[in-house]
Amino acid sequence: MDQPQALVIIPTLNEAAHIRQTLLDLLQGGGTWPIVVADGGSRDGTQSIVRTMAQDHPNIRLVTNPGRTQAHGVNLGGILAAHAGAGVLIRADAHARYPSGYVRGLIDTLTQHGADSVVVPLLASGDADP
């Protein structure tokens, strides 16, 4: 079975503190799949960080998410994936950390098992006291 073409979508809104590391994590492990940051109108420098990273990584793209919410961003990712001919949409969180090869691992799992969807556990942590 051929490797499916994938598109990674990252909905954002004011994620300047995290977006650079998230993008670096997702770039690890090779692969040239598109990584699209769907920004809902950040005012904290998120867009500037993404544009700067896109200069060195042509597979990173910044788009406007006029709906502003994560749900709208994911839906926009689905539309962009369909237009690009990508059979796989990977939703990533802007303030999450990903292990090296994360995207490749998801794609390999889909391919090896003929799955329609892959869900992974997340270990959440925060900086603020409850």
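For the reader, a short list of remarks on this structure follows.
- Filter pass, V103 being in contact with a Phe, Trp or Tyr (Cβ under 8 Å, 6 or more places away or on another chain), within 21 Å of Q21 (Cα to Cα) and modelled with pLDDT under 95: yes
- Among the residues of region 27-40, those that are at pLDDT 95 or above and open to solvent by less than 30 Å² (accessible area, probe 1.4 Å) comprise I35, V36, V37, A38, D39, G40.
- Any hit, region 2-18, residues being within 22 Å of I79 (Cβ to Cβ), open to solvent by less than 30 Å² (accessible area, probe 1.4 Å) and assigned to a helix (DSSP H, G or I): no
- Region 57-89, residues that are open to solvent by 60 Å² or more (accessible area, probe 1.4 Å) and aliphatic (A, V, I, L, M): A71, I79, A82, A84, L89
- The residues of region 45-56 that are loosely packed, with under 14 Cβ neighbours inside 10 Å and of a type outside the set (S, T, Y), listed by number, are R51, Q55, D56.
- Candidate set from region 90-109 (those that are open to solvent by 70 Å² or more (accessible area, probe 1.4 Å) and in contact with a helix residue (DSSP H, G or I) (Cβ under 9 Å, 6 or more places away or on another chain)); member that is nearest to E15 (Cα to Cα): H95
The values are calculated or read from the model by the stated rules, or taken from the named source; none is laboratory data. Treat the numbers as computed from the prediction; the structure is a model and nothing was measured. So basically every Cβ, Gly included, is an ideal-geometry build from the backbone, and we count neighbours across all protein chains shown. The protein model used for the area step is the full one, side chains on, heavy atoms only, and it has no ligands, DNA or RNA in it. Shrake-Rupley method; radii C 1.70, N 1.55, O 1.52, S 1.80 Å.
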